[in-house]
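For reference, the structure discussed in these notes is given below.
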Amino acid sequence: MATKKKILITGANGLLGQKLVNQLVEEQQFQVIATGRGSCRLPGDGFEYVQLDLEIQEEVERVLSETQPDVIIHGAAMTHVDQCELNQEACYKANVLATQYLIKEAEKLEAHFIFVSTDFIFSGEEGPLSEEADPAPINYYGETKLEGERLVQAMKSKWAIARTVLVFGLAHDMSRSNIILWVKESLEAGKEIQVVDDQFRTPTLAEDLAAGCILIANQGADGIFNISGPDFLTPYQMAVETAEYFKLDQSLIKRTDSTQFTQPAKRPLKTGFKIEKAQKELGFEPKSFRTAIGILAKQIILARS
Ligand SMILES: NC(=O)c1ccc[n+]([C@@H]2O[C@H](COP(=O)([O-])OP(=O)(O)OC[C@H]3O[C@@H](n4cnc5c(N)ncnc54)[C@H](OP(=O)(O)O)[C@@H]3O)[C@@H](O)[C@H]2O)c1
């Protein structure tokens with residue numbers, strides 16, 4: 001029997017990382033090497049876990065030369081946008097230097113390098129955006145992710161960029177909330193919430209993002225792909241859909257706008273992605289926001305049982 005190709009995942013303990021490892025193990029197309037900072041926080045088996053702090057170049061060199069992956073999905077990043085603004089040195093290390101170290105090893109191995117990027121590389125003046133839109137980040141997180149993209153696009157070996165938007169999902173051993181959980185829990189507690197109606201996104205179920213990255217890996221696809229949900233919505237509209245799904249009191253949802261909030265990092269107003277390229281070329285089929293709420297609802301019940 002032919003040996004399977006190897007795929008290495010960075011940031012495997014994170015939201016996307018967990019979904020990637022689950023789906024890859026299930027699909028059985030690749031031998032899966034999950035890497036993460038510190039010990040393994042992933043449930044299940046069927047993969048090898050290797051500790052890897054991407055900011056230590058010698059570690060990146062050693063792990064990559066020992067494991068020799070054919071494909072690398074680089075999902076690890078410093079993702080908290082306000083922390084990135086406040087601690088720019090740490091953000092640069094995690095999002096730019098780590099990417100640079102990985103690229104160097106990927107080129108040596110001639111591995112297919114898949115970089116996960118963000119709608120925050122755009123200014124937010126128009127959306128939904130195609131793969132050809134001109135980037136112009138308005139916060140430091142966006143700047144570093146764009147710098148990562150530019151390093152990737154200059155690679156000598158095969159590369160792809162999977163850009164995504166507002167990723168939500170439930171993951172093992174993670175306390176992170178998301179808009180659906182926040183709305184559900186607030187309304188169940190009878191709490192009024194202020195939700196902005198002047199930002200536009202195409203929210204993405206974490207499982208769909210993982211599936212999009214795996215389609216790129218399986219097909220050996222190169223270039224830039226928008227990998228997001230199909231629905232162009234404001235957070236207010238997302239909140240209303242969530243309340244409708246769980247049959248909660250919508251009158252507790254108060255419409256507001258971004259001028260009412262001050263956060264360390266600016267947020268682009270209108271992003272969201274056009275996903276026709278990924279649908280046509282990769283066969284990417286993300287769930288509607290309504291279907292995604294239903295999937296999350298089932299996961300919430302399972303997590304409690
Ligand atoms: N979440 C979104 O809404 C969103 C939107 C657009 C794009 N993206 C992109 O999608 C990708 C995945 O995001 P996510 O939501 O899954 O993020 P996440 O849950 O924050 O996971 C990121 C992972 O990266 C790891 N990491 C950070 N620095 C590292 C380092 N030096 N060495 C090794 N691992 C390191 C973190 O490790 P620890 O667990 O140890 O901290 C974490 O497990 C990121 O590239 C992000 O930029 C996300």
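Numerical summary
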item	result
Among (1) more than 13 Å from the ligand (Cβ to nearest atom); (2) touching a Cys at 6+ places or on another chain (Cβ under 6 Å) - the single one residue 86 does not satisfy	(2)
Top-ranked residue of the stretch 19-35 - restricted to ones that are out of contact with any helix residue (DSSP H, G or I) (no Cβ under 8 Å at 6 or more places or on another chain) and within 19 Å of residue 172 (Cβ to Cβ), ranked as most open to solvent (accessible area, probe 1.4 Å)	26
Options 79, 10, 3, 67: the member that is touching a strand residue (DSSP E or B) at 6+ places or on another chain (Cβ under 9 Å) and at pLDDT below 95	3
Spans of strands (runs of 3 or more DSSP E) in the stretch 189-305 with at least 3 residues crowded, with 17+ Cβ neighbours inside 10 Å and within 16 Å of the chain's Cα centre (by Cα)	223-226
Number of the exception - residue 171 against (1) of a type in the set (A, V, I, L, M); (2) under 15 Å from the mean Cα position of the chain (by Cα); (3) within 23 Å of residue 222 (Cα to Cα)	(3)
Matching entry among 32, 60, 96, 25 (being modelled with pLDDT of 95 or more, away from the ligand (no atom under 14 Å from the Cβ) and in a helix (DSSP H, G or I))	25
Given (1) buried (at least 20 other Cβ atoms within 10 Å of the Cβ); (2) more than 10 Å from the ligand (Cβ to nearest atom), index of the condition residue 46 fails	(1)
Count of the stretch 99-114 residues which are away from the ligand (no atom under 11 Å from the Cβ), open to solvent by 20 Å² or more (accessible area, probe 1.4 Å) and either in a helix (DSSP H, G or I) or touching a Gly at 6+ places or on another chain (Cβ under 8 Å) (or both)	5
Residue count for the stretch 1-17, restricted to those that are more than 8 Å from the ligand (Cβ to nearest atom) and either open to solvent by 10 Å² or more (accessible area, probe 1.4 Å) or without any contact (Cβ under 8 Å) to a residue 12 or more places away in the chain (or both)	6
Enumeration of residues in the stretch 116-146 that are open to solvent by 30 Å² or more (accessible area, probe 1.4 Å) and either modelled with pLDDT of 95 or more or within 13 Å of the ligand (Cβ to nearest atom) (or both)	123, 125, 128, 130, 132, 134, 135, 136, 137, 138, 140, 143
Contacts under 7 angstrom Cβ, first residue in the stretch 204-215 being free of Cβ contacts under 8 Å to residues at least 40 places away in the same chain, partner within 11 Å of the ligand (Cβ to nearest atom), 6 or more apart	none
Yes/no for residue 45 being assigned to a loop (DSSP other than H, G, I, E, B) and of a type in the set (D, E, K, R)	yes
Residues (closer than 18 Å to residue 298 by Cα and aliphatic (A, V, I, L, M)) located in the stretch 158-173	167, 170, 171
Residue ID - nearest to residue 3 (Cα to Cα), chosen from residues in the stretch 63-81 that are loosely packed, with under 15 Cβ neighbours inside 10 Å and more than 8 Å from the ligand (Cβ to nearest atom)	68
So residue 241, is it in contact with a Gly (Cβ under 8 Å, 6 or more places away or on another chain) and closer than 30 Å to residue 283 by Cβ	no
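The values are calculated or read from the model by the stated rules, or taken from the named source; none is laboratory data. Keep in mind the model is a prediction, meaning the values are calculated, not measured. All Cβ positions, even for glycine, are placed from backbone atoms using ideal geometry, and neighbour counts span all protein chains on display. All accessible areas refer to the heavy atoms of the entire protein, side chains included, with ligands and DNA or RNA removed. Shrake-Rupley method; radii C 1.70, N 1.55, O 1.52, S 1.80 Å.
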